[in-house]
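Working notes, structure below.
Every number in this text was worked out from the coordinates using simple rules, so none of it is lab data. Model, not experiment: these values are computed from the prediction. Cβ coordinates were reconstructed from backbone atoms using ideal geometry, including for glycine residues, and neighbour counts include every protein chain displayed.
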Amino acid sequence: MQKISCPRPPSDTLYRHGDRPGPRPADGLDFSVNLNPLGPPETVIEALRRSLGGGPAPPAVARYPDPACRRLAEQLAARHGVAASQVVVGNGSSELLHALPRAFPARRAAVVEPTYTEYLRASLRAGAEVEHWLPDDDAFRPVPFDPAGADLVWLGNPNNPTGWLWPRGRLAEWVGAFPRTLFAVDEAFLPFLPDGHAHSLVPLLNDLPNLVVVRSLTKLHTLPGLRLGYAVTGADRARRLREQLPPWSVNAMAQAAGLAALDDGDFLRATHAWFRETVPAFFDQLRACSPRVRPLPSRASFFLLRLQGVTADELAGRLSQRGVAVRDASNFVGLDRRYVRVAVRRPEENRRLLDELPAACGFA
Ligand SMILES: Cc1ncc(COP(=O)(O)O)c(C=O)c1O
């Protein structure tokens, strides 16, 4: 691992995400955001309809929501085998990522790059200095390192955009070896994996008091417009994190949707079946589709592609003219114009990207 300096580009480019507001072509396909292509589940849509009312009870939007999200926190706690007091529900995991360095002020934060840029932004906003640590190998596989006095370490597991998944024992050992450093582990994409529970650090929380795990419901259940996420940590840390949130930050519909989502075992099983079949198949297809495109190995539902002979903005621009959006990944710290990220979608949708890629690479 090496510490790299990050010349800060203008914040509007550094913090650019995949999905942008604005009109889309009617038949456009968006591979730029890592969302579950099977969602949102019908059960969640139904719960949202119900919460709009129509029966004798006033609609949920006409009342203040439970500011403590008690029912949802209890359900989440039961899923994870922890106490409800250890769960903090937020308006998307982003709200919690930003609350975290305010709740646990850090003088210095270390970010395992290349990764989700909000860790950087949250740290800077809370007044921390940020150090960027980049793996030495060209597939961006990180190894544990001495955070050298950083009070906070951020990492994604699996990581966005590389799809790197830490071996659980190794990661736990690393967290345990630096008890004075708080580790923020973002498991937003872990529930997509059929064996995700076997990789989660949540069951190890009791042995690791310097750990906060952040998870998202918006990715797995395709609810980015609704916003829902949560953090799991020790009860005392959870209380401090909760104190940073404005009251009622999680609206009533999001709470209802979350409860319905947790109940929908069929949707989870369908997602895992899709993941098992489609993710490895798409990797092989991407590898075979053009010599100018190299997908990096990933354990997540998205791939970082290394390009040759075409730049990320050229490729993204050409694909966009054909109604296909991919994520130009050149603004991730540690990456450059050789990288784009694509999400895995349904097989027939993936086929469309595979059909367009060779010509868009300028190499039909
Ligand atoms: C790694 C990672 N964590 C968290 C988030 C935020 O998700 P949300 O705030 O919708 O829960 C994202 C969104 O792109 C992400 O990529």
Asp313 to Lys3: extension gain in nm, 0.36 nm per residue of separation minus the Cα-Cα distance?
-> 108.9 nm
What are the residues whose amide H is under 5 Å from the amide H of Val130, where those residues sit 5 or more places off or on another chain and H is modelled from the backbone?
-> Ala109
Computed from the beta carbon distance with a Förster radius of 25 Å, FRET efficiency for Asp336 and Asp284 to the nearest 0.05 stands at 0.45
So what is the relative contact order for the chain, in percent, with contacts set as C-alpha pairs under 8 Å and at least six apart?
-> 24
If the chain between Tyr64 and Gln321 were fully extended at 0.36 nm per residue, the gain over the current Cα-Cα distance would be 88.1 nm
Ranked list, fewest to most other Cβ atoms within 10 Å of each Cβ, for Phe178, Phe332 = Phe178, Phe332
Under a point-charge model restricted to the Cβ atoms of Lys and Arg (+1) and Asp and Glu (-1), what is the dipole moment magnitude of the chain relative to its Cα centre, in debye to the nearest 20?
-> 360
With each run of n ≥ 4 DSSP H residues scored as -39500 (n - 2.57), what mean residue ellipticity at 222 nm is computed for the chain after dividing by its residue count and rounding to the nearest 500 deg cm²/dmol?
-> -10500 deg cm²/dmol
When the Karplus curve 6.51 cos²θ - 1.76 cosθ + 1.60 is applied with θ = phi - 60°, which whole-Hz ³J(HN,Hα) does each residue of the range 81-97 get, with x for Gly and Pro?
-> x, 10, 7, 4, 5, 8, 10, 10, 8, x, 7, x, 5, 4, 4, 6, 4
Residue by residue, what Karplus-based ³J(HN,Hα) values in Hz, rounded to whole numbers, does the range 243-253 have, using 6.51, -1.76 and 1.60 with θ = phi - 60° and x for Gly and Pro?
-> 4, 7, 8, x, x, 6, 5, 9, 6, 5, 6
Rg [Å, one decimal], Dmax [Å, integer] - the range 30-104, C-alpha atoms | 15.8, 45
Net charge (Lys, Arg +1; Asp, Glu -1) of residues whose beta-carbon lies under 15 Å from that of Pro358, Pro358 excluded, is +4
Could you tell me which of rounded, prolate or oblate describes the chain, using a ≥ b ≥ c as the square roots of the eigenvalues of the alpha-carbon gyration tensor, with rounded for a/c under 1.5 and, failing that, prolate when a/b is larger than b/c and oblate otherwise?
-> oblate
Cut-off under 5 Å, modelled amide H: who pairs with Arg306 long-range | Arg294, Leu296
For the range 215-232, in order, what is each residue's ³J(HN,Hα) by Karplus, 6.51 cos²θ - 1.76 cosθ + 1.60 with θ = phi - 60°, in whole Hz (x at glycine and Pro)?
-> 9, 10, 9, 6, 7, 5, 9, 6, 10, x, x, 9, 6, 6, x, 7, 10, 10
